[in-house]
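Data block below; observations after.
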Amino acid sequence: MNQELTTQYMTINMGPQHPSTHGVIRFILQTDGEIIKSCVPDIGYLHRSIEKIAEGVSWQGFVPYTDRVDYLCAMNANWAYSMAVEKLISCEVPQRAEYIRVLVGELNRISSHLIAIGTCAMDLGAFTPFIQLLREREYINDLLELASGARLTYNYICIGGVMHDLPPGWLERCAEFVDHFDVAMEQMNRLITYNRIFINRMANLAPISPEMALDYNLVGPNLRASGHHIDLRRTTPYGVYPQLDFEVPVGKGIEGTLGDCYDRFFVRVEEIRESLKILRQAIKQIPSGEVQAKVKANIKPPVGHVYVRHETPRGDTGYFIESDGSTSAYRLKIRTGSFTAMSIIETLSPGAFIADLVAIIGSLDVVAPELDR
Amino acid sequence: MSNLLVSLGLNETLASYLAVMIWPALLVNFVAIYGGVISVVLRKVGGWMQSRLGPNRVGPGGSLQWLADAIKLILKEGIIPAGCDKLMWNLAPFLIVMGVFATFVVVPWGSYIVPSDLNVGILYVISITALTVVGILMAGWASNNKWSLLGGMRAAAQIVTYEIPVAMGLLPAILVAGSLQMSDLMKAQGWSPFDWLVFQNPFSMLAFLIFFVGSLAEANQTPFDFPEAESELVQGFVTEYSGFRFAAVGLGEFANTWVVGALCTAVFLGAGNLPAFLGEAAFLSLLVFVVKVSLVVFVMIWLRWTLPRFRIDQAMEFSWKYLLPLSFVAFFGQALFMLATYERPWAQQITSHVMVLLFLGVLFKFSGRVMANIRLQNTPVNSPVKIQPPAPAAPAPAAAEPATEA
Amino acid sequence: MNLQEAFALIQAKSGINVTLVPTELEGSIQVDAANLHALLAFIKSNQELGFRVLASQTGVHAKTAEAESITLYYFLVHHHYHCHIAISCKLGMDKLEAPSVCDLWPAANWLERETFDLLGVRFTGHPNLQRIMLPHDWVGHPLRKDYVKPEFYHDTEFDLNIDNRPSEIAKSFIL
């Protein structure tokens, strides 16, 4: 009378609407109780065919669309596209514009990482760090609103430089914010980063080996957390980054294995500190001058293609632009860091709990608009 | 209560019947109002801890938000999910709420103000809270929703697991008092902190901590709130409830915080005891009790907004591998302590004074850290910046023209 | 290592027939669809080249009056991330198939699915070639130059003739 007790796997739909997936993404989970057996992501809910739109609008007209590709780091997205078109038309950007780009780009990097850290903590149940970090992010929003006029989708960095100069008093205000935020970040660290419950949730979870990270083409903080010392601001320096002194934080497996969720989280925390260093130096070194190169109203670049890579907070965003000499792109492809980070979830999740899946998604910093474009 | 009525002039049997009817009315009203008020307090305190205001529209400073919430929830449509097990689904909120309401019967509100002074008071509380498990399981299963099912299973496992440290954590107190009756437990303590059970010796402090943490898990509070973990399970086992049923379950959960606080205070923090010269002042005793319970509830709210959540298997591991052995240590330690100091009351005085001093030292260090944080946070930001007006340009040539013309 | 050096090395070391497509901007190394997998495997395993990472994979549908083709581009990045090369493969419209490189790079899984979804190129040997961005029952491949937007999807009508001009009332608000 020995009968095997047969059980079935439960198919759960972590649907497009869910409080913890970052945007509209859908997972089809097959679980054995709480342990995931397979997890198939289903994306495309936020597909807005931005690449097709690029074939219909002018080169300058596409800049607001790049804001919406990843609205959490819109300045960096603007910058990546502008860099690509500037390489296409071989345009020199004035020094002051480059410094302003660095200033707003690093501020946006800090605010994007704050959201990444905050939502990761909130998904794990700690509500206070998220809201406190949003309060700090409001100061950054104020600064960027003074510079560009908008709080989220800036449309500020354009082809040839920036749209207009920084208002007077902006640099002093930015310096004050940097001093204040140094202290606030230390408090946030005590609240969440060194919290034993949080470390126990995140350490030793879904470690990504360095080989796997390269094979899956992870970029940005995810790649650095697996031990690679790769940052596009250092390996392919653009703008004025060669003149700025900062370190690249690399994951070391401090609380668990190398490349686990806590490493990815901690690399982002460290990157905020490095961004503050960059901001201080840029505020000191910024020269005066004009802020936009003379670019024709209707650009007609030469025939050919470029592939330009830029370090956004989510990693290496590559813009492949093929032009046929006309006033709009012939083909534009945006390769974002979240795309490959999402594909690795399918490999990482078997064996983890459902609660762990939430931690994995949070630590990989997947943002749906960047995923689907 | 019946004594009070008799002193007002009613005859005895009528007084006892009326007492049986008045107490439930008072308690149910208290629980309903308290559940609402504590939801506002939760959100306000959470807001202040997060550099924002909580609800501040309804009533002065948002204090009547609970009325608005209650009215809204009562008027909402109660959507019955298709394919649910109707009887169980409807019955589940009742059981959850009953399991909580029933524990209010033995809570000692002050000296001799106990609705029903059962001689198995503590045991009754621990056993009747198990009704909530049945209710949660029913809610999870009958909702015809896989997320609710997960939440229900987690809750059942968690509550059953943490019953044991809770019961074991109470044992040292029962050792001291010698009975399970609530008023006896109250009489075993005095009014001053040196006479509270929590400061009596390190083992009873350990027992208090184990009991407190275990009760957090019983009441589904963070860091143990995975049955309703919003970010993972949408809303856990209450996903499919809307309208008044949702309000009832939420009410039960908030009322549970009062029960946890009341038990902590009654058993460990010297509930409602007054100094000798104040005698038997019932109202003052009630006030002291309410203040102490509010402090414990505040600590629970504080923990809720600060700490992240455990994972279910980590919580199970925590209970079985750490809390349970520690509770045995506390129990045996308390027994040994009582054996050692039975003839020597001065030893008890010394240990309790030392414990109180240690506690005050920890409190002092903590407040020092808080003051340092506050001072650090006052680094200026967003201060108005003085902008130098541009130097006046050379006078415009056009201004010279009229002078030369004229 | 730039494109010319990589091209010289590939021509010398591997036996694969490749051509260099230079333009005044970045060029690419062109190869046939038949040799594509062998070339990419060679590049990935060659330590001297060092282009170990597949950064992006996309396609361009070129349609002129005379000819029509889809060119696939593979962007390989050096494992120190400081330089990249482009491999291109031109496919005629009659045979839109290419070998899949999922066995070399797991990253290619979703990238090739996206190219299939939006351009219609089939990748032989792909474990799960399905649409990724668009719904599974979508008809057509949007990134082609001759793509016509459908008017209906299931029972939702796409209103293609939306008049975006401001109404009379809105015009009266303009000062």
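Computed quantities for the displayed model
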{"item": "Residue satisfying condition, being modelled with pLDDT under 85, among the aliphatic types (A, V, I, L, M) and closer than 23 Å to A:R135 by Cβ, within set B:V370, B:V381", "result": "B:V381"}
{"item": "Selection from the range B:309-362 of residues that are of a type in the set (S, T, Y) and under 30 Å from B:P227 (Cα atoms)", "result": "B:S319, B:Y322, B:S327"}
{"item": "The range C:118-160, subset touching a Ser or Thr at 6+ places or on another chain (Cβ under 9 Å) and of a type in the set (A, V, I, L, M), residue farthest from A:S49 (Cα to Cα)", "result": "C:L129"}
{"item": "So A:A352, is it closer than 22 Å to A:A203 by Cβ and out of contact with any helix residue (DSSP H, G or I) (no Cβ under 6 Å at 6 or more places or on another chain)", "result": "yes"}
{"item": "Sole exception among (1) away from chain A (no Cβ under 11 Å); (2) touching a strand residue (DSSP E or B) at 6+ places or on another chain (Cβ under 6 Å) for C:V77, by number", "result": "(1)"}
{"item": "Residue in the range A:222-243 that is charged (D, E, K, R), away from chain C (no Cβ under 13 Å) and out of contact with any helix residue (DSSP H, G or I) (no Cβ under 7 Å at 6 or more places or on another chain) present", "result": "no"}
{"item": "Of the criteria (1) surrounded by fewer than 16 Cβ atoms within 10 Å (Cβ to Cβ); (2) in the same structural domain as B:R154 (by TED's automatic domain parsing); (3) not β-branched (V, I, T), which one B:S367 fails", "result": "(2)"}
{"item": "Selection status of B:S148, away from chain A (no Cβ under 14 Å) and among the polar types (S, T, N, Q)", "result": "no"}
{"item": "Any hit, the range C:80-88, residues being within 9 Å of chain A (Cβ to nearest Cβ) and free of Cβ contacts under 8 Å to residues at least 12 places away in the same chain", "result": "yes"}
{"item": "Of the criteria (1) touching a Pro at 6+ places or on another chain (Cβ under 7 Å); (2) of a type outside the set (G, A, S); (3) free of Cβ contacts under 8 Å to residues at least 40 places away in the same chain, which one B:K365 fails", "result": "(1)"}
{"item": "Single unsatisfied condition, A:Q95 versus (1) surrounded by fewer than 22 Cβ atoms within 10 Å (Cβ to Cβ); (2) away from chain C (no Cβ under 13 Å); (3) within 22 Å of the chain's Cα centre (by Cα)", "result": "(3)"}
{"item": "B:G178 assigned by TED's automatic domain parsing to the domain that holds B:N144, on the phi > 0 side of the Ramachandran plot and surrounded by fewer than 22 Cβ atoms within 10 Å (Cβ to Cβ)", "result": "yes"}
{"item": "Members of the range A:340-367 that are over 30 Å from A:D67 (Cβ atoms) and within 14 Å of chain C (Cβ to nearest Cβ)", "result": "A:T347, A:L348"}
{"item": "Sole residue being more than 20 Å from the chain's Cα centre (by Cα) and crowded, with 19+ Cβ neighbours inside 10 Å, chosen from C:L49, C:L54, C:L39, C:L76", "result": "C:L49"}
{"item": "Single residue of B:A188, B:A207 found to be farther than 21 Å from B:I312 by Cα and at pLDDT 90 or above", "result": "B:A207"}
{"item": "Residue in the range C:49-66 that is in contact with a Ser or Thr (Cβ under 7 Å, 6 or more places away or on another chain), more than 13 Å from chain A (Cβ to nearest Cβ) and either over 27 Å from A:D316 (Cβ atoms) or part of a helix (DSSP H, G or I) (or both) present", "result": "no"}
{"item": "Those strands (runs of 3 or more DSSP E) lying entirely in the range A:1-77 with at least 1 residues aromatic (F, W, Y)", "result": "A:26-32"}
{"item": "Filter result for A:Y319 (outside any strand (DSSP E or B) and in contact (Cβ under 8 Å) with a residue 40 or more places away in the chain)", "result": "no"}
{"item": "Pairs, first more than 7 Å from chain B (Cβ to nearest Cβ) in the range A:110-130, second modelled with pLDDT under 90 and not in a helix (DSSP H, G or I), C-beta under 7 Å, six or more apart", "result": "A:A116/A:D365; A:T119/A:H22"}
{"item": "Counted residues, the range C:89-133 - those being of a type in the set (K, R) and touching a strand residue (DSSP E or B) at 6+ places or on another chain (Cβ under 8 Å)", "result": "2"}
{"item": "Any chance A:V24 is touching a Phe, Trp or Tyr at 6+ places or on another chain (Cβ under 8 Å), surrounded by fewer than 17 Cβ atoms within 10 Å (Cβ to Cβ) and not small (G, A, S)", "result": "no"}
{"item": "Residue list for the range A:156-173, filter: among the hydrophobic types (A, V, I, L, M, F, W, C) and either more than 10 Å from chain B (Cβ to nearest Cβ) or within 30 Å of A:K300 (Cα to Cα) (or both)", "result": "A:I157, A:C158, A:I159, A:V162, A:M163, A:L166"}
{"item": "Restricting the range B:181-210 to residues that are among the aromatic types (F, W, Y) and buried (at least 19 other Cβ atoms within 10 Å of the Cβ), the residue that is nearest to the chain's Cα centre (by Cα)", "result": "B:F208"}
{"item": "One residue from C:E68, C:E24, C:E5 being modelled with pLDDT of 85 or more and of a type in the set (D, E, K, R)", "result": "C:E68"}
{"item": "Qualifying residue in the range A:310-327 (condition: over 24 Å from A:P207 (Cα atoms), touching a helix residue (DSSP H, G or I) at 6+ places or on another chain (Cβ under 9 Å) and of a type in the set (K, R))", "result": "no"}
{"item": "Helices (runs of 4 or more DSSP H) (entirely within the range B:250-347) containing at least 1 residues that are within 14 Å of chain A (Cβ to nearest Cβ), among the acidic types (D, E) and over 20 Å from B:V125 (Cβ atoms)", "result": "B:312-317"}
{"item": "Given (1) within 8 Å of another protein chain (Cβ to nearest Cβ); (2) within 22 Å of A:P249 (Cα to Cα); (3) out of contact with any strand residue (DSSP E or B) (no Cβ under 6 Å at 6 or more places or on another chain), index of the condition A:Y139 fails", "result": "(2)"}
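The values are calculated or read from the model by the stated rules, or taken from the named source; none is laboratory data. Remember, predicted model here, so these are calculated numbers, not experimental data. Neighbour counts are summed over all protein chains in view; Cβ atoms, including those assigned to glycine, are modelled from backbone coordinates with ideal geometry.
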